[in-house]
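What follows is one structure encoded as structure tokens, with my remarks underneath.
The values are calculated or read from the model by the stated rules, or taken from the named source; none is laboratory data. Treat the numbers as computed from the prediction; the structure is a model and nothing was measured. With ideal geometry, Cβ positions are generated from the backbone for all residues, glycine too; neighbour counts draw on all protein chains shown. We work out accessible area using only protein heavy atoms, side chains counted, and drop any ligands, DNA or RNA first. Shrake-Rupley method; radii C 1.70, N 1.55, O 1.52, S 1.80 Å.
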Amino acid sequence: AIKNIDTPLHAGMQLPPGFTATIVAEGLDGARHIAFNKQGGLYVKLSKLKGGKGIIYLKDKNGDGIFEEQMAFGDYPGTGIYIKKDYLYASSNDEVYRYKLNNKGEVIHPDEPEKIIAGLVNRNRDNSKSIVVDDRGNLYVNIGSYLNACLVDPNSKQAPNPCPLLDSVGGIWQFKTDKMNQQYKDGVHYATGFKNVVGLDWNSKTNSLFVMQHNRDQLHNLYPEYFTAEQSNLVPAETMYEVHKGADGGWPYVYYDQYQHKKILSPEYGGDG
């Protein structure tokens, strides 16, 4: 649902004073990220296919705030979708594509995307490839870790140091928007130590990347001697960062405890909370 101050509806939600909401489209199960074009059309990326398609384009034909027209394309599920200049960028769980837009902000050849990145790690857990584009032709993509805290040996509660996963997951990679079929070797390992970043955006005023990390879990399940179930539900914090090239968020070695207001050594590396 989208804020609409002209239509005083709540759309079944509890909202703070001064906010209203209107249902503008329904039936889009698995909707993840969205992107508006300049004409007010809305692109929605689906994490599961609807009628064999993973991108829905919604169009308001009469200006009433309701999207009456839908077009579906893209035969892959995923999370990321972003518009920059004349291109729509969209990601599957292991690839990134781009589509040329016309002067109406609509995809010209929906069945002929250009594949700009391929071969990213996808192990079916925390595998969303969230994307954003800066003002200099660089595309940033999250590659989350499929393991909770680098426990590569399922029979051990000790994790290797250094963590061998960090060469391909648990961070942000930077690629070019105009180069086709890039792989890891073509990209820049822009930032590391982030378990999984689903939300990210580029701030053109600060010329920097902002990310929202989904941190590790299972503290109580793995270490009941240190953490109660309630503590495990509340920490680690889901933290926001301003990220510059070379940044390290600390995963899997440390996590941020919002109650102690400090970074805590992970139990896999000798910490006890």
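Computed from point charges on the beta carbon alone (+1 for Lys and Arg, -1 for Asp and Glu), the dipole magnitude for segment 79-212 about its Cα centre is near 200 Debye. Rolling a 1.4 Å probe over the protein heavy atoms of segment 147-265, with every protein chain left in place, gives an accessible area that is 50 percent carbon and sulfur. Take every Cα-Cα pair in the chain and report what % of them are more than 22 Å apart. Across the chain, Cα pairs with separations above 22 Å total 61 percent. Calculated on the alpha-carbon coordinates, the convex hull of segment 148-224 measures out at 129 cubic angstrom per residue.
Segment 234-257 and segment 76-90 have Cα centres separated by 26 Å.
What segment 145-226 shows is 49 Å² of accessible area per residue, with the surface traced by a 1.4 Å probe over protein heavy atoms. Counting only aspartates and glutamates at least 8 places from LYS104 when in the same chain, those with an alpha carbon closer than 14 Å to its own are ASP60, ASP86. Remark: for residue pairs LYS48/LYS115; LYS59/LYS115; LYS38/LYS85; LYS115/LYS195; LYS53/LYS84; LYS45/LYS84, the C-alpha separation exceeds 18 Å in LYS48/LYS115; LYS59/LYS115; LYS115/LYS195; LYS53/LYS84. Going by the alpha-carbon gyration tensor, a ≥ b ≥ c the square roots of its eigenvalues, is segment 227-273 rounded (a/c under 1.5) or, if a/c is not under 1.5, prolate (a/b greater than b/c) versus oblate? Oblate, since a/c reaches 1.5 and b/c is not below a/b.
Applying both filters, DSSP loop and at most 11 other Cβ atoms within 10 Å, to the trypsin sites (Lys or Arg not before Pro) of segment 53-103 gives LYS61, LYS85.
The stretch between ASP248 and ASP29 holds 75.4 nm of extra length on full extension. This uses 0.36 nm per residue minus the Cα-Cα distance. Here's the picture: charge each Lys and Arg Cβ at +1 and each Asp and Glu Cβ at -1 in segment 143-228, and of TYR146, SER204, MET180 the one pushed furthest to the positive end of that dipole is SER204.
Projecting label points 7 angstrom from Cα along Cα→Cβ for ASP64 and HIS261 puts them 5.3 nm apart.
Shape analysis of segment 68-182 based on the Cα gyration tensor places the equivalent ellipsoid semi-axes at 32, 15, 10 Å, largest first.
For segment 236-271, chymotrypsin sites (Phe, Trp or Tyr not before Pro) are listed when DSSP marks them as loop and at most 12 other Cβ atoms sit within 10 Å of their Cβ; the list is TYR259. Loop-located GluC sites (Glu not before Pro) across segment 46-100 with a Cβ neighbour count of 12 or fewer within 10 Å are GLU68, with loop assigned by DSSP.
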